Amino acid sequence: MTMSRSRIYPMLPFDQIQERVVEMGAQIAADYEGKDLVVIGLLNGVFQFFADLTRNTDLDFDITFMQVASYGGGTESTGEVKILHDLDRSIRGRHALIVEDIVDTGLTLNKVRKLLLDREPASLKVCTLLDKPSRRRVQVPVDYVGFTIEDHFVVGYGLDLDGKYRNLPYVGIYNPA
Ligand code: 5GP
């Protein structure tokens, strides 16, 4: 399959994402005011959303990252998760917020939640830019959702196709046909 930008149909423009991110940041700041918060970015896809969200969350909190690889046959994850890069600090007794790019089947997030719950945080919540609930294979609580989308493969604003398109400032649907 040849990759081409002409196959990308813009879905969420940069300005619309920014408007939503400001709302989400305000909500998170209100919910965690006065609490010891650790915000955990799940790399790699989250990097653009994470920067915009944290910049718009007017609180003092710790920032750390985790990188996991989902094993799968083909395009779907299996929920078998390998930690490539672990947190650089403890979340024990602290309020932890996982920030994700997209929740699809939910298998990856489910596994990461279990890993982190074992470390006994005071609370554990999840924030995602995009949610594809129609694809869910395991129920996993998602507390903050930027946009709920249909079952499309999307790229841009951090999301890739074979490593490409993460730098686009918008989210678009990739149409391989
Ligand atoms: P899950 O375990 O929920 O099925 O997989 C979540 C991960 O799959 C996301 O973090 C993301 O890396 C990848 N993913 C799921 N849907 C899409 C999509 O539409 N576009 C891209 N680029 N990645 C996706």
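The values are calculated or read from the model by the stated rules, or taken from the named source; none is laboratory data. Bear in mind the structure is a predicted one, so any value in this text is a computation, not a measurement. Counting neighbours? That spans all protein chains shown, and the Cβs are built from the backbone with ideal geometry, glycine included. Please note that ligands, DNA and RNA were not included when accessible areas were found on the heavy atoms of the full protein model with its side chains. Shrake-Rupley method; radii C 1.70, N 1.55, O 1.52, S 1.80 Å.
A few comments on the model shown:
- Electrostatic tally near Gly93: other residues with Cβ closer than 11 Å to its Cβ, Lys and Arg +1, Asp and Glu -1, net +1.
- Share of alpha-carbon pairs per 10 Å distance bin for region 111-174, given as whole %: 18, 40, 32, 10
- Each Lys or Arg adds one and each Asp or Glu takes one away; over the other residues whose Cβ falls under 11 Å from the Cβ of Asp60, this sums to -3.
- Here region 64-177 is treated with +1 on each Lys and Arg Cβ and -1 on each Asp and Glu Cβ, and its dipole about the Cα centre works out to around 340 debye.
- Taking amide H as placed 1.01 Å from N in the peptide plane, Val46 has its amide H under 5 Å from the amide H of Asp101, each at least 5 places away in sequence or on another chain.
- Our estimate of slack between Asp151 and Val22, defined as 0.36 nm per intervening residue step minus the Cα-Cα distance, is 43.9 nm.
- 1.4 Å probe accessible area per residue over region 21-144, in Å²: 47 Å²
- In this simple spin-label model, placing a label point 7 Å from the Cα along the Cα-to-Cβ direction at both Leu43 and Asn167 gives a separation of 1.8 nm.
- Value of [θ]222 nm, deg cm²/dmol, for the chain, DSSP H segments ≥ 4, -39500 (n - 2.57) each, nearest 500: -7000 deg cm²/dmol
- With R₀ fixed at 22 Å, the C-beta to C-beta distance from Ile63 to Arg135 puts the FRET efficiency at about 0.15.
- Cα centroid separation - region 139-170 against region 6-48, whole Å: 11 Å
- Rounded tilt (10° steps) of 107-117 against the dominant C-alpha axis of the chain: 10 degrees
- Where the Cα pairs of the chain fall when distances are cut into 10 Å bins, in %: 9, 39, 37, 13, 2, 0
- Ordering of 48-54, 63-69 by burial proxy (mean other Cβ atoms within 10 Å per residue, highest first): 48-54, 63-69
- Shape box of region 27-119 [Cα atoms, principal axes, largest first, Å]: 43, 27, 20
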